[in-house]
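Since the structure comes first, as structure tokens, the remarks are kept for the end.
The values are calculated or read from the model by the stated rules, or taken from the named source; none is laboratory data. These numbers come from a predicted model, not from an experiment. Backbone-built Cβ (ideal geometry, glycine too); neighbour counts: all protein chains shown. Surface accessibility is based on the protein's heavy atoms, side chains included, excluding ligands, DNA and RNA. Shrake-Rupley method; radii C 1.70, N 1.55, O 1.52, S 1.80 Å.
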Amino acid sequence: MSATTKTPAAPETRATPKAARLLGDRRLPVLVTAALFLAMYVGGLSRYANYGFGEPQVFLNLFIDNGYLLVAAVGATFVILSGGIDLSVGSVIGFTTMFTAWLVERQGLPILLVIPMALAVGALGGFLMGYVIHNFEIQPFIVTLAGLFLFRGLCLVISKESISIGDSTVSSMAQAQVSLGGDFLSIGAIVALVVLGVAFYVLHYTRFGRRVYAIGGNEQSAMLMGLPQGGTKIAVYTVSGFCSALAGLLFTLYIQSGDPLHATGMELDAIAAVVIGGTLLTGGSGYVLGTLFGVLVLGLIKSIIQFEGTLSSWWTKIATGVLLCAFILVQRFMTTRQKT
């Protein structure tokens, strides 16, 4: 027999293409985040079963307590998918709480009139930042950092002290509930889920959504294809500003007050939720449903810490930092494998 007779390939060699396809699947980060949430939830059920962790209302509270963060993170998803970043999110939320409280309590305006005014201011702020980023070719980090300081400063211009809202209409809206059998969701949670649904449709079933992905994936190629880069960039920052203002309104209902220090650092929570949800920081890849799971993971960390009772709330930040680093490393590994 010839010495050159071929031997059968090892099983590991045949499995390699499947592993490569799995690592190259853009849905993998979302599935990983969903699996992480499920594992954490099952762990909570096993550890705190005697403390009511398994009650349906505990799960629904994740949406009630984090509805405003979900809306802010949805807006940040648009920006990050386009290859940008928005550091003004938390300041816009804080400014919206102050602006709303000041108009309702100090100026006597009805909340139904204040809501469109607040949304318009947030959208205008996002539009201006997007306009400057595109037309003056300044890095989004610098422009939105300026927006962060601007809106936080405007909070202090309105008032240096907290403004409590005692308006009966605001209280009614804050206490309104949508019954789900024996459990309930708040108005804020319902609004957040509606925003999520609209964002999912826009990103995956409209031309605008495809342009956002194209520009974030490769801006040079998008330009050669004749896609309207300027309009798309300005639009995603306008969407982020609008969502930040809407998140501010939901946060106002949740807190029922305005304070110049409200939502300090919340832009980092929104960005963390987007990245943990599987969206690449470099843009062009990610799903808004992943952002939902990212928010739920952060909310579940808070709930587990509360049920534990012996841990400081700062463990939320520690866990978020660890998860963020882990997901960035996973993204780096995946993008490296895709290039090779």
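Points to keep in mind about this one:
- Only Lys, Arg, Asp and Glu carry charge here, each on its Cβ (+1 for the first two, -1 for the last two); on that basis region 117-214 has a dipole of about 360 debye about its Cα centre.
- Cβ-based charge dipole, the chain, positive-most Cα from Ile115, Ile158, Ala326: Ala326
- Under the shape rule built on the C-alpha gyration tensor, where the axes satisfy a ≥ b ≥ c, region 118-194 is oblate, since a/c reaches at least 1.5 while a/b does not exceed b/c.
- Rounded accessible area of Lys317 (nearest 10 Å², 1.4 Å probe): 110 Å²
- When Glu105, Glu308 are compared by accessible area at a 1.4 angstrom probe, the order from most to least is Glu105, Glu308.
- P(r) of region 289-340 over all Cα-Cα pairs, binned every 5 Å from zero, in whole percent: 5, 18, 20, 20, 15, 10, 6, 4, 2, 0
- Rounded, prolate or oblate (a/c below 1.5 giving rounded, otherwise prolate when a/b exceeds b/c) for region 33-112 by Cα gyration tensor: oblate
- For the options Asn50, Asn218, Asn61, a Gaussian network treatment of the chain with springs between C-alpha atoms closer than 10 Å singles out Asn50 as fluctuating the most.
- The Cβ shell under 15 Å around Ala49 holds other residues with a net charge of -1, Lys and Arg each +1, Asp and Glu each -1.
- Residue-count net charge about Tyr287 - beta-carbon cut-off 11 Å; Lys, Arg +1, Asp, Glu -1: +2
- About the Cα centre, charge dipole magnitude for the chain (Lys/Arg +1, Asp/Glu -1 at Cβ), debye: 1360 debye
- The largest accessible area among Asp167, Asp86 belongs to the first residue in Asp167, Asp86, and the rest follow in falling order (1.4 Å probe, all chains).
- Solvent exposure, largest accessible area first (probe 1.4 Å, DNA, RNA and ligands not counted), of Arg152, Arg211: Arg211, Arg152
- (1) 15.9; (2) 17.4; (3) 23.7, with the label sought being that of the calculated mean projected area of the Cα convex hull in nm²: (3)
- Net charge, Ala101 excluded, C-beta distance under 11 Å - Lys, Arg +1, Asp, Glu -1: -3
- Between Leu31 and Ser159, the C-beta separation translates, for a Förster distance of 30 Å, into a calculated FRET efficiency of about 0.05.
- At most 16 other Cβ within 10 Å, DSSP loop - chymotrypsin sites (Phe, Trp or Tyr not before Pro), region 109-184: Phe136
- Between the C-alpha center of region 213-232 and that of region 280-340 there is a gap of 28 Å.
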